[in-house]
Structures are given as structure tokens and as C-alpha cells.
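Here is the structure we will look at, set down as C-alpha cells.
The values are calculated or read from the model by the stated rules, or taken from the named source; none is laboratory data. Quick caveat, the model's predicted, so the values are computed rather than measured. No Cβ is skipped: glycine too gets one built from the backbone with ideal geometry, and neighbour counts run over all protein chains shown.
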Amino acid sequence: MSFDPGVWLAAFLTLCIFSFLYKDNPFYKFAEHLSVGISAGYGLVIYIRVTFIPIFIDPLSRGQWHMVPGTLGIFLLIFPALIGILLFSRFSRKWAYIARYPIAVIWGIGTGAAIPLALQNFIVRQLQATIVPITFSSWQDLGSLFIAVGVACGLIYFFFSKEHKGVFGGMATAGIWILMIGFGSTFGFTVMARVSLLIGRVIFLMKDWLGIIG
Amino acid sequence: MGFFERLTKIDRRIVFLIIMLSVILPLLLRVDFPITVTKEVQNVYDLVDELPAGSTILLPCEYAPDTMAELEPMLFAILRHCWSKDINIIAGLFYHTGVTLVEQEILYMAEKMNAEYGKDYVFLGYRPYPAVVIMSMGQNFRQSFPTDLYGTPLDDIPMMQGIKNYANIDLVLTINATSGVDQWIIWGRERYGFPFAIGVTAVMAADYYQYLNSGQVIGIIGGLKGAAEYEDLVNYKDMATMGMSIQSFAHIVIVLFIIIGNVGYFVTRKKKGPRL
């Protein structure tokens, strides 16, 4: 059995969380609130120590950003910071509208950069991978055919401008089956993930805390 | 209440208890199930294995304690593989609650494998806004990470000499429990064209198989199962292999519960007659 107070605390909090499986109780609530609070506090400290100080405060105090030396470097540090500070105007009713400017900058740059790349990656490249030449020279071609037919049937299921009857209805039914198989696969992976997390905790309790297993 | 109706109304706490026992018992009895290596994990292994000594892998680790049960064994197996082949590692992350965790894990493995900081690996630390950081790293790593986590300028670190951007990296392999994978695909892989592989939680794995098919991702290590496969490939059976044997047993119990629930449901529905 471990004599490390940290391990005992972790074991106690693990059991507090597991106690929710029986029913909601103060121990669970305590552990839950502690987790949320510590995560927020830890995040703030990391933001300040690992990001804000080395990227902004340190170069500013030295009067130089090494990537772009001179006045331009300082400007490139201060200007974005000033835009960021404008977000805090949300706290004043009178000046709240000023926060729209930094939000506009963030949205504008983000959207402009993201839309072409997202279209390229999530639609064009996926379409290219779906419509591949099928020569029936290998078993892999059967898989490619199944993907192409599956995509078509799945899309037909979501086409509501024509009644799902006849061949069209049959393809829509095939589409819903394919979707269900996809959901089943995702659910199976989810169960596996959750059981993995349980296993991780049980191994911790039995190995690190109780020392039952080696 | 009849037998079959009882089957549909088993108290959830009994289900939880039996699942818990199905995890504890195989752990105590050391039940061993075989592990089959899948093509997507083999791809990642082959890619790393074929790299010559002195190559550099960028290893963004984006996870926190809530998913460490799945991703920690994966990280250990990959680090073991890389350092046994003298492949250098640049680790970093865009997920703030995992900084200390990932740092401790890398230090633990470095000690085990006698890897030297600054020579065999570098830990860049954390930066927010992955999209911006991923793009800026395409220009120069030093834009977003002028120093490593410990405040040492990258130019003063021997391993970072000659490494400017993705052009100097042989593989980007992210171990990820966040939507960061999408960011890497959009802002990194497509823009800069580096070889890209992922290690993700099992929940996420199904969503990324499409990128494997399109060639945007070279390989996927999915969840504890993927980690166990990688352990098998590096010939060092560790926590993931142990976990997967337990998992197989737990899955059998879950499948039994699904069958029991469905039998109860269909029999009682037949007795009650068709639904209106």
C-alpha cells in the first residue's frame, strides 16, 4: 500500500467520483467542484506563466522581440495586445460596443483563413477519396465501390424533396442502414473509451494505491 | 413482474457493479487475450521505424488527466520506439491542463530510456490558439516558441540547431484528445504537406478514418487498443496490453447485457402485442 499522501488524495477523490454511480451525494459534489475549480485555477496560472510572461511581458521589458527587432517588433507586440484589451470594454455598458472591433478582427481573420482550407480538407479531399476509379482488379475496389454507393445512399436519405418510394426509397433505406452501422461503430468506440478510463482508474487504485498488483 | 420483464428492469447499480467486477477480476487473475495489429497502427509504426537515426519527430501532445488512461500508454510506446532508434522528439501542446502531466510523462520515459534533454528531446510547452500557432510554426518554430518550457531560447538548444520549421521535421505525430487533430489537418498537413499521423482516444478514432482513406492521415493509433498494438509492435508489453486484456473481458460482459436486455425487450413486447 502506498504511503504517498498525494496517491491517497487521488484515491479518495476517485472513490468520491465513483460514489455517484450509487447515487448523487456530497462527496461526489465536493470532488466535482474541486476538479472544476482546480482546472480553472491551473489554466489561469499556465496562461500567465507559460504564455503571457514569456511571449509578452519578457520581450516588452527587454524592449525587443527577437523575431522582428527594433520599433516594428515592439509595435507587433503592443498592437495585438491593445486590440485584445478592448475586449474588456464589455464590462462597461457605455463602452461595450468597442468590444465589437476586436471580435470583428478575430472573426474576420479566422473566417477568411478557415473557409477555403476547411472546404478543401473536409469536402473536396473527401470527395476525391470517395470517387476513385474502380477496376475490380482487387478486393480493395469492392470497398471503394461500397464507399461510393454508401455515400450516395446516405445523401439520398437526407433528400426530402422527393418521396422515398421505389428505387429511390430503397436507396434511402440502404442509406439509413449505413448510417446506423456508422453510429454503431462510433458507439462501440465510445464504450471502449469509457471502459478504458475505468480500467485506468482501477489499475491506479489496485496498483499505485493498494499495491495488490505488481 | 415476469422473468423477461425483470430482465428489462435490472437496476443500473447492479450493472455498474458487475462491470466493475468484470474489470477487477481479470486484473487479479491476469487474463490474457491476444492482440491483432491493425493496418492503421502498423502504418504509424512503419513510418517511424523507417526513419534514419537523427531524424526529428514533432510530437504535439494535447490531452489532460481525463484521457491519460488511453493516451499515456500510447505516448510511452511511441517514445520508447523513437528513442530506441535515436530519433529526436520535439514535444509541445495546445491544451493547457495537460502541461505538467505531459512533462512528467516525458521526463519519466526519458529517464527510463536515458534520453538527454536538448540532445534527444525538447519540450516546447504550451501555447493557446492552435490554428495561429500551427501556421506560425510553418514559418519558424521560434515565432510561437521563442523559448522552451524552461525559458531556454531555442537557438541555445543543440537539438534545435538547423530546425526552423516543418521542412526540417520528418513526421508530425499528434497524440490528441481534442479537436486539435482537425486543426492540424486544416492548418498544418494541407498547408505545409508534412507526413502526418495521429494517436487519438477511442471516442474520436471513428471520426478520423475518413482522413486515412483520403491520405490526409498516414496512420491512426486509436485508444487503448491502438496503444496495445503499438506496444506489441515495439515488443514491450506494458499498461495498454494489460488494459486491453481486461477490456476484452469487460466487452464480453457488456455484450451479454445488451443481449439480455434485448431478449427481455422483444419477449415482453411480443406478450404485450404490437405498438400502436
Hey, among B:Gly223, B:Gly243, which residue is facing chain A (nearest Cβ under 7 Å), surrounded by 24 or more Cβ atoms within 10 Å (Cβ to Cβ), touching a strand residue (DSSP E or B) at 6+ places or on another chain (Cβ under 8 Å) and in contact (Cβ under 8 Å) with a residue 40 or more places away in the chain?
B:Gly223
Residue ID - modelled with the lowest pLDDT, chosen from residues in the stretch A:55-75 that are surrounded by fewer than 14 Cβ atoms within 10 Å (Cβ to Cβ) and within 25 Å of A:Ile103 (Cβ to Cβ):
A:Phe75
Please pick out the residue among B:Asp207, B:Asp156 that is more than 27 Å from B:Glu50 (Cβ to Cβ), surrounded by fewer than 18 Cβ atoms within 10 Å (Cβ to Cβ), more than 8 Å from chain A (Cβ to nearest Cβ) and out of contact with any Asp or Glu (no Cβ under 7 Å at 6 or more places or on another chain).
B:Asp156
Mind listing whichever residues of the stretch B:108-147 are part of a strand (DSSP E or B) and of a type outside the set (Ser, Thr, Tyr)?
B:Val122, B:Phe123, B:Leu124, B:Gly125
Is it fair to say A:Ile38 is loosely packed, with under 12 Cβ neighbours inside 10 Å, of a type in the set (A, V, I, L, M, F, W, C) and within 14 Å of chain B (Cβ to nearest Cβ)?
yes
So, in the stretch B:57-72, of the ones that are of a type in the set (A, V, I, L, M), within 14 Å of chain A (Cβ to nearest Cβ) and more than 18 Å from B:Tyr129 (Cβ to Cβ), which residue ends up nearest to the chain's Cα centre (by Cα)?
B:Leu71
Take A:Thr135 and tell me if it is within 8 Å of another protein chain (Cβ to nearest Cβ) and either surrounded by fewer than 17 Cβ atoms within 10 Å (Cβ to Cβ) or not basic (Lys, Arg) (or both).
no
Among the candidates B:Tyr117, B:Tyr108, B:Tyr150, B:Tyr121, single out the residue that is more than 24 Å from B:Trp187 (Cα to Cα), within 11 Å of another protein chain (Cβ to nearest Cβ) and among the hydroxyl-bearing types (Ser, Thr, Tyr).
B:Tyr150
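This table checks each residue for (1) surrounded by 14 or more Cβ atoms within 10 Å (Cβ to Cβ); (2) more than 14 Å from chain A (Cβ to nearest Cβ); (3) on the phi > 0 side of the Ramachandran plot.
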residue: B:Gly2; (1), (2), (3): no, yes, no
residue: B:Arg13; (1), (2), (3): no, no, no
residue: B:Ile24; (1), (2), (3): yes, no, no
residue: B:Ile35; (1), (2), (3): yes, no, no
Within the stretch B:88-98, is even one residue farther than 22 Å from B:Lys237 by Cβ, more than 14 Å from chain A (Cβ to nearest Cβ) and part of a loop (DSSP other than H, G, I, E, B)?
no
Which residue out of B:Arg6, B:Arg80, B:Arg13 is in contact with a Leu (Cβ under 8 Å, 6 or more places away or on another chain) and more than 26 Å from B:Val132 (Cα to Cα)?
B:Arg13
Testing B:Ala131 on (1) out of contact with any strand residue (DSSP E or B) (no Cβ under 9 Å at 6 or more places or on another chain); (2) modelled with pLDDT of 90 or more, one condition comes back false. Which one is that?
(2)
Expected single match for farther than 17 Å from B:Ser179 by Cα and in contact with a strand residue (DSSP E or B) (Cβ under 8 Å, 6 or more places away or on another chain) among B:Ile258, B:Ile218, B:Ile198 is B:Ile218
